[in-house]
Each structure stands twice: as structure tokens, then as C-alpha cells.
Amino acid sequence: MSTGHLFVLGATHHTAPLAVRERLSLAAETAAGLQMELSALAGLREFVMLNTCNRVEFYGVAETAETVAHLEAAFCSRQQFDRTEFEKIRLTLRDRDALQHLFEVAAGLDSQMLGETEIFGQVKEAYAAAQAHRSAGAVLNRVFQKTFQAAKLVRTHTAITEGHVSVANVAVDLALNIFGGLADARILLLGAGDIGEKTAKAFQSRGASTLTVASRRFEHAMELAQTLGASALPFDQHESRLAEFDVVVGSTAAPDIVISHAAVSAAMRKRPARPLFLIDLALPRDIDPAVASLENVFLYNLDDLAKIAEENRVTREAEMAKCRALLSERADALWRHVQPQVAPARPAESSGAANSPAARPAR
């Protein structure tokens, strides 16, 4: 007999729409508390938490299925999310299938934007955090190192990233459709993180020259503004000065709405003839969804942008098959290697039992 299994438990964009992913997304403080709770969970030998715009997933090694159930209960409790509702959307995979899934996630095959590269860095960050908290042991150390090698192999030896349509590029194309050109467009970036920076650079690459950065920490706004050749705005002024901008990109880590319906409505009364383009790249969302009902206001969130980019996916179906074949071979090989560590054979209870006919292998 053996004990233990490798698992992945979570929810992704495949079954959980944006409004649900918002409720499941782990805020920093909540994640820290859950990390401590899971570290003390009996039977959970190792685990890594992956928390992105598209997914919240737990990868780990558990002694029993009940251990994973306890993890699920702890997560749902922290998020105040009904477990019955979670069961309808959850992803659960074991052993070799869990490896294949992780490989495909890191390679960008399981993303809303097929072939996107940001997820690779997010997986590395999740693994680094687990190492820092000592929740990744011998099994997951090897699993994640091999995952990174497999993802790099796919990107190097296939064309999965060619013609890649990123969230930033889709947003810029939409802005061009609305304004016709970006040379005179005034752009406000809320948040000084990686996604916001990439979106700002995408706008600049298409002709935008007037860019302003606002962040809850003004020094971060100043730093990014200097990098972009932009200006910085104190965060507490972003709603009162909303009418000054044509494009607003929301990419903060705020737990609640930072642009209200009232603020957008007031801004549009000052600029009724000029459209306002709002791009919400945050999870939870930065912009009140109700603003989409206002005249001359165009609001797009992560799911909206992914739907627009979906047509690009068709041209790369053949590359997806090639990628999955490469990853499948490596998942098989890795599972053969780690299986003895995940589910070590139990020692015989006595020498008599070990030598009994039932204990001897059939010939």
C-alpha cells in the first residue's frame, strides 16, 4: 500500500467568471493568514499558493483526500465563500494530471490570453514565496524546477508566443478605434505595478505621449513616472481630476472600487462631447461596473479583453497540440521520478507479514 498524493485544487477563468474570481482572489493579508493556517494543517506535507487574475490554485502533497478537503474548507472560510458554490467551479487534479496542468499553466497554454508570458513570472513568484515560508519541500522543489524548464522549452521550440495578443495590446487597439489616434490622448495609469507599466508602454509605443501615474504610495508613482517619462499625480486626486483624462487604466491592488459611478458621472458632465475609455485590469476590479451605462463611456475589464483576443487563438491550435505533446512527455517522466517520494511504500508491519504469500509479488 502507499500513502500521499500530489494535487492541485482551485478555480480558474474556465469556470469562474470575473465577478466570482474577485471573491476568490486572496488579498495580501488574507494570503499571509492562510499560509500560516495551512502550514499547521495535519497531513499537508507541502504546498504552493498561486493567486493571479485568472486563477487561485493550491499545488501540494497531501497524505489523504481528507487533507485536501480541509484545505478547501480553510480557503472558503477565509474568503467567506460557500463551499457548495465552490464545488461547482473548482478544479481538482491528482498526481500526473496535476503535473501536466502546472506545466500548461506556466507555459501560458491555460491562460485567457493564449501564450501570454506574465504567468511564467507569477508561477516563479508563487514558488519563491513558498520557499521563503518553507512550505515547498523536496517534491515541489523538483516539480517547480522541472516546470520552469518545460515552459522554457515550449517557448523556445514552438511558435506559441508568435502573434501573441496581450491584454495591453488589445486595450491599445480599442483606444485607437475610439479616438482614431493617441497623440493627443491624455492617459491616467492607476497603480504602479508590472501590468500597468506594460500597458503604459504599449500606449506609448502607439503614439501616446501624455501619461500620468497615480499610486497609493506616491514614491512608487514618482519612480514609474520617471521610468516612463511621465508625470505623477497624488492618488487622492484621481477622482476629482478624472475629467482631464481620455484613457484611464485601473491596475491597483486595492480591495475595493477606486473609481466610482458618481466620479465618472461628474467627469462626463465636464466633458460630454469627448469619450472616456476605462480599462480595468485589476482583480478585484478598480472601476464600478455600473459606469458602463453612462453615455460616451467605454469600459472594458479582463474578461472583455480576453474575449476580443480569443479570435487570435484559432490560428495557433496546431501549436497548442505540439506544446501539449512536449509537455505530456515531460510530465510522464517527472511523475515516474517523484511518485516514490509522493506516495512512498508503507513498510511491512512485521517480518511474518512481509514473507507471507499475500505479500510476495506474483510471478
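Read-outs: derived from the displayed coordinates by stated rules, not from any lab. All values reported here derive from a predicted model rather than from experimental measurement. Don't worry about glycine lacking a Cβ; one is built from the backbone with ideal geometry, like all the others, and counts go over all protein chains shown.
So if each residue of separation counts as 0.36 nm, and I subtract the Cα-Cα distance between Phe81 and Asp303, what length gain in nm does that give?
77.8 nm
Roughly what % of DSSP beta bridges within the chain run antiparallel, to the nearest 5?
Percentage antiparallel, nearest 5: 45.
Using Cα pairs under 8 angstrom and six or more residues apart, how large is the relative contact order of the range 167-295, in percent?
25 percent
Tell me which residues come under 5 Å, amide H to amide H, from Ser209 once H is placed; ignore anything under 5 positions away on its chain.
Sorted by chain and number, the residues that satisfy this are Ala185.
Per DSSP helix of 4 or more residues, -39500 (n - 2.57); summed, then divided by the residues of the chain. What does that give at 222 nm, rounded to the nearest 500?
-15000 deg cm²/dmol
Tally Lys and Arg at +1 and Asp and Glu at -1 over the other residues with C-beta under 15 Å from the C-beta of Ala232: what net charge comes out?
-1
Semi-axes, largest first, in whole Å: what does sqrt of 5 times each Cα gyration tensor eigenvalue give for the chain? Show your work: numbers first, answer last.
Values: eigenvalues 406, 99, 56 Å².
So the three semi-axes of the chain are 45, 22, 17 Å.
Under 5 Å between amide hydrogens, which residues at least 5 positions from Leu109 or on another chain qualify, with H placed 1.01 Å from N in the peptide plane?
Excluding prolines and chain starts, which carry no amide H, the hits are Gly115.
Take Arg274, project a point 7 Å from its Cα along the Cβ direction, then tell me which residues of the range 216-257 have their backbone nitrogen under 12 Å from it.
242-247
Give me the extension gain from Glu310 to Leu176: residue separation times 0.36 nm, minus the current Cα-Cα distance, reported in nm with one decimal.
Length gained, Glu310 through Leu176: 46.3 nm.
How are the alpha carbon pair distances in the range 167-295 distributed across 10 Å bins from zero to the largest one, expressed in percent?
Calculated P(r), rounded to whole percents: 14, 49, 35, 2.
Can you list the DSSP H helices in the chain whose Cα atoms extend at least 30 Å along the helix axis and whose mean Kyte-Doolittle hydropathy is -0.5 or higher?
Helices meeting the span and hydropathy rule in the chain are 317-342.
I'd like to know which of Leu281, Thr227, Leu174 lies farthest towards the positive end of the charge dipole of the range 167-295, counting +1 on Cβ of Lys and Arg and -1 on Cβ of Asp and Glu.
Positive-end residue among those listed: Leu174.
Please order Ser215, Ser231 by the number of other Cβ within 10 Å, starting at the fewest.
Ranked by crowding around the Cβ, least crowded first: Ser231, Ser215.
Picking from Ser240, Ser135, Ser39, which is most flexible by a Gaussian network model of the chain using Cα springs under 10 Å?
Checking each option, the largest mean-square fluctuation is seen for Ser240.
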